[in-house]
Amino acid sequence: MKSGYQDIEQSNAVSLSDNVCFALYTASNALIRAYRPLLEQYDLTYPQYLVMQSLWFESETSLTQLSKVTRLDMGTLTPIVQRLELKSLLKRCVDVNDERKKVISLTEEGLSMKQDALLLKQKLLDKMKMSADDIEQLRTLCLGMLLDLS
């Protein structure tokens, strides 16, 4: 029996799916759509979840550093941080070393959701038929591509 992506590839000898950029784009969109129902229980969008994940790994950071880690530009990141602050999941405070800078940190409420929310990754992986090795190879290849194109 053919898998779904083989059907797509064989349906047209020359098609969009021949392009790696199309495959990455559509896979990325499918992944984000798959996360959506899982994130609804936390009232988070996928970009908000990226910011929260980053803060779960490093609780206090600057907006600039958060932008580098999440790869979200400042124009996109600032409203996300503001919404998360309105949800009482993080706070922005003046840096004690430099009053011109803000430090972003998790609130107790933001920290308390860490364990449950990080399990979402496993729920999503359980839906996939790819092996753990294939997923790791895909992750490594995507990061390599990112470095090459940055």
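Since every read-out is calculated from the coordinates, none of them should be taken as a lab result. It should be emphasised that the depicted structure is a prediction, and the values quoted were computed from it without experimental measurement. So basically every Cβ, Gly included, is an ideal-geometry build from the backbone, and we count neighbours across all protein chains shown.
Look at segment 98-133 and say how many of its residues are part of a helix (DSSP H, G or I) and among the charged types (D, E, K, R).
Residues in segment 98-133 being part of a helix (DSSP H, G or I) and among the charged types (D, E, K, R): 9 in total.
Kindly provide the set of residues from segment 54-87 that are of a type outside the set (Val, Ile, Thr) and not in a helix (DSSP H, G or I), ordered by number.
Glu58, Ser59, Glu60, Ser62, Arg71, Leu72, Asp73, Lys87
Out of segment 56-88, which residues are under 17 Å from the mean Cα position of the chain (by Cα), closer than 18 Å to Glu108 by Cα and among the hydrophobic types (A, V, I, L, M, F, W, C)?
Trp56, Phe57, Val81, Leu84
Checking the structure you have, find out if any residue of segment 71-78 is surrounded by fewer than 16 Cβ atoms within 10 Å (Cβ to Cβ) and closer than 17 Å to Phe57 by Cα.
yes
Can you pull out the residues in segment 14-66 that are of a type in the set (Asp, Glu) and within 14 Å of Ile80 (Cβ to Cβ)?
Across segment 14-66, the qualifying residue is only Asp43.
Collect the residues in segment 92-109 that are more than 16 Å from Leu55 (Cα to Cα) and among the basic types (Lys, Arg), keeping them in residue-number order.
Arg100, Lys101
Could you tell me whether Ser28 is exposed (fewer than 14 other Cβ atoms within 10 Å of the Cβ) and assigned to a loop (DSSP other than H, G, I, E, B)?
Answer is no for this residue.
To keep it simple, each residue is scored yes or no on (1) of a type in the set (Val, Ile, Thr); (2) loosely packed, with under 15 Cβ neighbours inside 10 Å; (3) out of contact with any strand residue (DSSP E or B) (no Cβ under 8 Å at 6 or more places or on another chain).
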residue: Leu84; (1), (2), (3): no, no, no
residue: Leu90; (1), (2), (3): no, no, no
residue: Val94; (1), (2), (3): yes, yes, no
residue: Asp98; (1), (2), (3): no, yes, yes
residue: Ile104; (1), (2), (3): yes, no, no
residue: Glu108; (1), (2), (3): no, yes, yes
residue: Ser112; (1), (2), (3): no, yes, yes
residue: Leu119; (1), (2), (3): no, yes, yes
residue: Asp133; (1), (2), (3): no, yes, yes
